[in-house]
Amino acid sequence: MKKNTQFINSIDIQKEYLSIVQYSPQDNAVVLMAIQPMAAGGIDTIWSRTSSALLELKTKYKFSSSEIICSVPAELAFVKRLTIDETIAKSPEMLEWEFSQHLLGSMEEYAVDFQNDGIFQSQTCDEYLAVAYRKENLDHLLSALKVLKLKPLVIDLDMFAVVTVFEANYKDRVSEPAMLVHSEGGRTKILLTQEGYFIDTHIFESENEQTDPGTFAERFVGELNSFLQYNSSRLTQSVSLYFTGSLFADQDFFNAVILKTGNGELLNPFREIGCRVGTESDQMTYAPQLAVAVGLALRGYE
């Protein structure tokens, strides 16, 4: 996206709502925002419910442009960190073949992106972050956005936007390893990040546990400890926890998790990024549902 863009519009699509943000790069501030609930799932897909929610938004929210930055829930994509011999990495065809061994179905069914971020390189190997989206889901997303004649300039995973919003607001802490916990619609994502890089993720179904704070906290600690153990070779210091997503807008769930872990805070997307909407209290009330949308807008300005 061009750096002279006056405003950047972003939409975060979750199972239960849409979160929309208008960001001003010049002011480094959010100037408009909205949270639009979506109808319960039933037999409707997330994409048909997205279309309906956007129609409801039509009279409530004015996009400054038809061009937007949009998220796809991470559970609708496949993410894999590949350690590849240098001779293979130099061949795009071999790189795709290596990734295809981890996918369900043929490579033709996916839109694929590779990023050589250089986090864990050795003399003989390169490490790539590989992401695959089913083309069918991308087609459904584009159809849903056509309801308001919106055109996505960037389509990104929600969890990458969480890393972006953390990096922008916690520059004094990005050198330290952090676990970013995003819990929405019966799924919880635990993201390991350091120096602004996405390192690894663990996603687990938590719908059954999300009816009781204590039960969820117990399950979360077990999943977190397993994830920490799996990544122990990459961690040379203690890890801080940051929580976001609509589940943690419920203070009882946040308190239960903090009580179990003894560590953590709510991720504040407005710690360094300004917000011209509502009071500070309002901003923090809705911050767990806005973090991804703010991160998407920031990615649109990169």
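Its residue count N fixes a reference of 2.2 N^0.38 Å for the stretch 171-266, and the Cα radius of gyration divided by that reference is 1.02.
For the stretch 128-171, build the charge dipole from Cβ charges (+1 Lys, Arg; -1 Asp, Glu) around the Cα centre, then report which of Tyr133, Val163, Leu145 sits farthest towards its positive end. Working it through, the farthest residue towards the positive pole turns out to be Leu145. Over the chain, the pair-distance histogram of Cα-Cα distances with 10 Å bins from zero comes to 6, 27, 35, 25, 7, 0 percent, rounded to whole numbers. Between amide H atoms placed 1.01 Å from N, distances below 5 Å from Val72 occur with Asp156, Leu157, Asp158, all of them 5 or more places distant or on a separate chain.
Rounded to the nearest 20 debye, the dipole magnitude of the chain is 960 debye, with +1 charges on Lys and Arg beta carbons, -1 on Asp and Glu beta carbons, and the Cα centre as origin. Among the GluC sites (Glu not before Pro) within the stretch 106-195, those in coil by DSSP and having at most 15 neighbouring Cβ atoms inside 10 Å are Glu195. Fully extending the segment from Arg173 to Thr45, taken as 0.36 nm per residue of separation minus the present Cα-Cα distance, adds 42.2 nm.
Shown in residue order for the stretch 246-255 are the 3J(HN,Hα) couplings computed by the Karplus curve 6.51 cos²θ - 1.76 cosθ + 1.60 at θ = phi - 60°: 4, 4, 8, 6, 7, 4, 5, 5, 4, 4 Hz (x for Gly and Pro).
Computed extension length for Thr236-Leu153: 26.1 nm, one decimal, from 0.36 nm per residue of separation with the Cα-Cα distance subtracted.
Using only the Cα atoms of the stretch 79-221, build the gyration tensor, take square roots of its eigenvalues as a ≥ b ≥ c, and label the shape rounded, prolate or oblate: rounded if a/c is under 1.5, else prolate if a/b is larger than b/c, else oblate. In terms of gyration-tensor shape, oblate.
Each Lys and Arg contributes +1 and each Asp and Glu -1, all at the Cβ; summed about the Cα centre of the stretch 11-108, the dipole is approximately 500 debye. Sort out for me the Cα centre separation of the stretch 121-155 from the stretch 93-114, rounded to whole Å. The distance from the Cα centre of the stretch 121-155 to that of the stretch 93-114 comes to 13 Å. Bridge orientation summary for the chain: considering DSSP beta bridges with both residues in this region, about 70 percent are antiparallel.
The numbers here are math on the coordinates, done by the rules we state, and not lab data. These numbers come from a predicted model, not from an experiment. Counting neighbours? That spans all protein chains shown, and the Cβs are built from the backbone with ideal geometry, glycine included.
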